[in-house]
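Right, one structure below, let's go through it.
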């Protein structure tokens, strides 16, 4: 697979960035700049480093215990084309895919880049919406503030409307 992606870093083994034992990719660059953001070092679009997609894919698949991959950030949907290509390869290997976005599902559906919807089509779960410090709640699973939703992406795409993944409501 050709191409690169600008990343802030990776976590090879995570149990906090989605269900099960996962690999987390932190993309670099975010337009949201949410006050209280957990990853403010990922905001600068010029920060981080470029990483070859093949190298990332090999690293993501190195550990046979990893059942899923999470795209976090930064804002993953600012780099939808390379993430889409990575997602297709990961899905072919049977990985569960999840992403975090400061955009809502409705906003993502309106973005003009065709790779945004292509990437959504590869995801199983999406945590959407900006982090809002006043709604911070550390008891919520896989999300930082009460306004954020954990969406069942295939069901949401079929309905053309956000559908909660009920087990995370």
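Data for the structure
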| item | result |
| --- | --- |
| Equivalent ellipsoid dimensions for the chain as semi-axes, Å, which come from the Cα gyration tensor, largest first | 22, 18, 17 |
| Antiparallel %, DSSP beta bridges [both residues in the chain], to 5 | 55 |
| Helical contribution to [θ] at 222 nm, DSSP H n ≥ 4, -39,500 (n - 2.57), averaged over the chain, rounded to 500 | -7000 deg cm²/dmol |
| Label zone at residue 54 (point 7 Å along Cα-to-Cβ), backbone N below 12 Å, region 1-34 | 1-4 |
| Volume per residue that the Cα convex hull of region 56-121 spans, once the total is divided by residue count, Å³ | 81 |
| DSSP-defined antiparallel bridges as percent of all bridges, region 95-169, nearest 5 | 65 |
| Normalised contact order of the chain, rounded percent, pairs of Cα under 8 Å and 6 or more residues apart | 19 |
| Mean Cβ count within 10 Å, highest first, over the residues of peptides 26-38, 136-148, 116-128 | 116-128, 26-38, 136-148 |
| Computed lengthening from residue 13 to residue 33, 0.36 nm per intervening residue step minus Cα-Cα distance | 4.6 nm |
| Potential extension, residue 4-residue 147 segment - 0.36 nm per residue separation minus Cα distance | 48.2 nm |
| Label-point gap, in nm, between residue 139 and residue 118 - each point 7 angstrom along Cα→Cβ | 4.3 |
| Residues in region 1-26 that a label on residue 63 would reach, taking backbone N under 16 Å of a point 7 Å out along Cα→Cβ | 9-26 |
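Every read-out reported here was derived from the displayed coordinates using simple, explicitly stated rules and does not represent laboratory data. Predicted model, so just to flag it, every value in this text is computed and none were measured. Methodologically, a virtual Cβ is constructed for each residue, glycine included, from the backbone with ideal geometry; neighbour enumeration extends over all protein chains shown.
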